[in-house]
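Below is one structure, written out as structure tokens; comments come after it.
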């Protein structure tokens, strides 16, 4: 290829940090169907907080980085990167709709000799069997003759300011050995942690989908341990602390498993396995365990209230945290919503305080009301669901009535003040 001009399609938690990074080395345009999102970014602020205002404004002012919703402005690019979400539907089946849409966009602008690289998490074969045929059909070009492809799975960790995109080793691949080398060279020129060139795109797709499936299964194991040890009257965190003294013990902790990766990717792998006639028992068992934890937290809280003689009906409950993880505004697939759903069966008055989450997003996506304001009321039960740093300065015990229950999902609070924890 001659001079590389990059277009990153999808400016969310994955696409924007990557596009900003590419702009330090190449002419880069970010494309997103959401014109309001593009306008906000061009004004110098990222609402996801993944890219600081300083870095974003530097990219715009000093590197010519541009965000646009106008497809005409990406026609002169020759290296397209697709970074759109890959969610599951209400039945936990993979929803490839965003990928089909992005592939259609690529098909409208791609030219002979261009490369399109997919970053979205998928099961092996999706890039070649589902996405590229769309590009072919829309463009009228022939894959691996007129245009080429690659797959480089995203490894963004939302809210993590230590392991940023350039500091995480990147897996790359190409539709031919020669294209694989070009793709790898482009990424390695900006990824300081280095790259790993996989032999095929399917290998790269498989590597990504098992990364999070592995974590999901390990977390499911300790969640099951938590349920067992609770019945035995043993503190799970004490057990894990003791076991962790062995050099090769894996340090996983129980908790809610939400977000865009760990709680979703195993379903993609399971779907792929079933198309080959194999029933993935361990993967789906892990998913069932982790998906049950929201209701479990609610039930444990109610049981603790009953043991203390607290009237459950019409009681006041406070949930601390709504995002899927600490210290970031990302509410995608948050399992705190499962806690709320389970508690609603008891006719309670529920308040949710989260200093990071957007009340508008919580209402739109989950029809749940939350607040960014520090609570001033008194509560019969308090559930710490997310360990935001702001909660270290919150006197949680003081928020309770004279008789109250505190349930700590994260093992975040002092053991002496809580009545139960995972």
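The values are calculated or read from the model by the stated rules, or taken from the named source; none is laboratory data. Since we're looking at a predicted model, the values are computed, not measured. Note that we place each Cβ from the backbone using ideal geometry, even for glycine, and neighbour counts take in every protein chain shown.
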Taking segment 196-214 as the search range and keeping residues that are surrounded by 19 or more Cβ atoms within 10 Å (Cβ to Cβ) and touching a strand residue (DSSP E or B) at 6+ places or on another chain (Cβ under 8 Å), which one is nearest to residue 154 (Cα to Cα)? 208
Does residue 306 fit the bill of being outside any helix (DSSP H, G or I), assigned by TED's automatic domain parsing to the domain that holds residue 408 and surrounded by fewer than 24 Cβ atoms within 10 Å (Cβ to Cβ)? no
Search segment 354-389 for residues being more than 21 Å from the chain's Cα centre (by Cα) and assigned to a strand (DSSP E or B), and hand back the single one that is farthest from residue 419 (Cα to Cα). 371
I need a count of the residues in segment 27-38 that are touching a residue at least 24 places away in the same chain (Cβ under 8 Å) and surrounded by fewer than 16 Cβ atoms within 10 Å (Cβ to Cβ). 2
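If you check residue 3 against the conditions, is it in contact with a helix residue (DSSP H, G or I) (Cβ under 6 Å, 6 or more places away or on another chain), touching a residue at least 24 places away in the same chain (Cβ under 8 Å) and outside any helix (DSSP H, G or I)?
It is false that residue 3 is in contact with a helix residue (DSSP H, G or I) (Cβ under 6 Å, 6 or more places away or on another chain), touching a residue at least 24 places away in the same chain (Cβ under 8 Å) and outside any helix (DSSP H, G or I).
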Do we have residue 282 as over 18 Å from residue 88 (Cα atoms) and surrounded by 21 or more Cβ atoms within 10 Å (Cβ to Cβ) here? no
Within the set of pairs 6+ apart or on separate chains, which have a first residue in segment 377-393 that is in contact (Cβ under 8 Å) with a residue 24 or more places away in the chain, a second that is surrounded by fewer than 14 Cβ atoms within 10 Å (Cβ to Cβ) and part of a loop (DSSP other than H, G, I, E, B), and C-beta atoms under 8 Å apart? 380/311
Residue match in segment 236-250 (condition: part of a loop (DSSP other than H, G, I, E, B), at pLDDT below 95 and closer than 23 Å to residue 158 by Cα): yes
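Being closer than 22 Å to residue 50 by Cα and free of Cβ contacts under 8 Å to residues at least 24 places away in the same chain narrows it down to one of 329, 359, so name that one.
Matching residue, one of 329, 359: 359.
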Might you check whether a residue that is surrounded by 23 or more Cβ atoms within 10 Å (Cβ to Cβ), in contact (Cβ under 8 Å) with a residue 24 or more places away in the chain and either in a helix (DSSP H, G or I) or in the same structural domain as residue 388 (by TED's automatic domain parsing) (or both) occurs anywhere in segment 134-156? yes
Restricting to segment 400-410, count the residues that are buried (at least 21 other Cβ atoms within 10 Å of the Cβ) and either in contact with a helix residue (DSSP H, G or I) (Cβ under 7 Å, 6 or more places away or on another chain) or without any contact (Cβ under 8 Å) to a residue 12 or more places away in the chain (or both). 4
